[in-house]
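Structure, as structure tokens:
The values are calculated or read from the model by the stated rules, or taken from the named source; none is laboratory data. Nothing here was measured: the structure is a model prediction, and the numbers come from that model. We place every Cβ from the backbone using ideal geometry, glycine too, and count neighbours over all the protein chains shown. Calculation scope for accessible area: heavy atoms of the full protein, side chains included, ligands and nucleic acids excluded. Shrake-Rupley method; radii C 1.70, N 1.55, O 1.52, S 1.80 Å.
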Amino acid sequence: MSEFYLYDDARARAFEPLALARPAAELRAGALLLRERWEGAYGRPAAGLVVAPHLRHFAESSAPPVVTGTLPAGAVLANARCAVALATAPDADAWVCAGRVAAVRLRQSLPADQVADGTLRLESLVAANARREELQGRWIEEVWDLIGTLPDQLNADIPILGARAQALPASHGARTGGHAVFVETGAVVEPMVFFDVTAGPVLIREGATVQAFTRLVGPCVVGRASVVSTDRVATSSIGDSCRVHGELSNSILTGHSNKGHTGFVGHSYLGRWVNLGAGTTTSNLKNTYGTVSLWTPDGIRDTGLQFLGALIGDHAKTGIGVRLTTGSVVGAGANVYGGAVMPKVIEPFAWGELAPFGAYDPARFLVAAERMMQRRGVAMDDRMRAHLAAVHDARWTTR
């Protein structure tokens, strides 16, 4: 089977505040990263990522390298924005999802610099006589779709992933509802955990711990080696090695992030290595009950969603008592504190208590980031330092 690569098109590269520090393929959609969804469909690990130039040094332990040379003829190039269903893709020359080309087999080699700006349309690479096959899945058209589609995506994903795990007997713990609770090998479910599986199933992944007096409301995933303790966690996708305490609802944690204290977080997306201080709270509903508008690189836009909390970029930090209003954007690397309600848009690498914020010194930022990573047993190598330095230099400003 030939190699395959994941491509961030121009639309994916505008998924701020997440896209500043992270390829779209490494965002979580439902129970898995978008890359993991494609790897399951294609049946092998991705060989590389085709991303924006400022992400050329991106490196994480499980992620493939960024492509800087040439994609070989015969390789498959897939659009990372397509959240494919958890099923094996049939062999083909082109794969179509919801009426659009989601992946194509290259007829000739393709230099990476020809797709550097993200404007290449995969349709342009499909030959007239190409063998086309349909893929089930959905397109992530806007960054907020990750939240808006979360319940449906989790309900589709968990039964498939759960089939590889054990179903927790009904006699273990109290529960209500007719969906299943799946527990992978090495996960710990302490006594006095309550499962509400009325609206969907629950999956607890390998090495995770759910502590006593937690109420888990499905559909919900607790990621590998994550710890959830003593509150209501509902309709959320918690990535690997996270800490969750306090109420969490309809939210995604990419991985290695901390919501370790009280405070409500709802309809929000947390990037990797985020830390929320005690009492950090999001608003996810306007007092008018109207739809939520959000800052984007193209200006303020109506999301069409009635519920939307905060989108928080990688390595962002909040202090004790920080309050984030409905439809907030917190840029990567920001470090804000104080009890005041924060502005709706916080720039990347902002530092301080009140707007206008100062700038987070890059050397101090790297020291703090390295310390947090060490607490999860992850070493920051030279490539990661180069990546974060490039992200700092490429930070966006509000418009």
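What the table below lists for this structure:
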read-out: Rotationally averaged projected area of segment 338-399 (alpha carbon convex hull; nm²); value: 5.2
read-out: Positive-end residue, segment 263-399 charge dipole about Cα centroid, Cβ charges, pick of THR296, ALA390, GLY279; value: GLY279
read-out: Sorted peptide list for 146-159, 175-188, criterion being average Cβ within 10 angstrom, highest first; value: 146-159, 175-188
read-out: Size of electric dipole in segment 130-210: Cβ of Lys, Arg +1 and of Asp, Glu -1, about Cα centre, debye, nearest 20; value: 280
read-out: Cα gyration tensor category, rounded, prolate or oblate, for segment 13-161 with a/c compared to 1.5; value: oblate
read-out: DSSP-defined antiparallel bridges as percent of all bridges, segment 1-115, nearest 5; value: 60
read-out: Per-selection metrics, segment 183-316 (Cα): Rg and Dmax in Å; value: 15.0, 49
read-out: Euclidean distance between Cα centres, segment 174-216 to segment 3-75, Å; value: 31
read-out: Lys, Arg +1 and Asp, Glu -1 on Cβ, resulting dipole of the chain about Cα centre, debye, nearest 20; value: 380
read-out: Kirkwood Rh and Cα Rg combined as Rg/Rh, segment 144-190; value: 1.04
read-out: Among beta bridges that DSSP assigns inside the chain, antiparallel share in %, nearest 5; value: 25
read-out: Computed log₁₀ I(q)/I(0) - Debye formula, equal Cα scatterers, no solvent, the chain, q 0.08, 0.10 Å⁻¹; value: -0.40, -0.64
read-out: Calculated [θ] (222 nm, deg cm²/dmol) that DSSP helices of n ≥ 4 give over the chain, each run adding -39,500 (n - 2.57); value: -4000 deg cm²/dmol
read-out: Test item: Cα-centred dipole of segment 83-189, Lys/Arg +1 and Asp/Glu -1 on Cβ, debye; value: 300
read-out: Segment 23-80 - percent of accessible surface contributed by carbon and sulfur, probe 1.4 Å; value: 56
read-out: Gain in span if fully extended, ARG132 to ASP381, counting 0.36 nm per residue against the direct Cα distance; value: 85.4 nm
read-out: Span from the segment 281-303 Cα centroid across to the segment 224-240 one, whole angstrom; value: 25
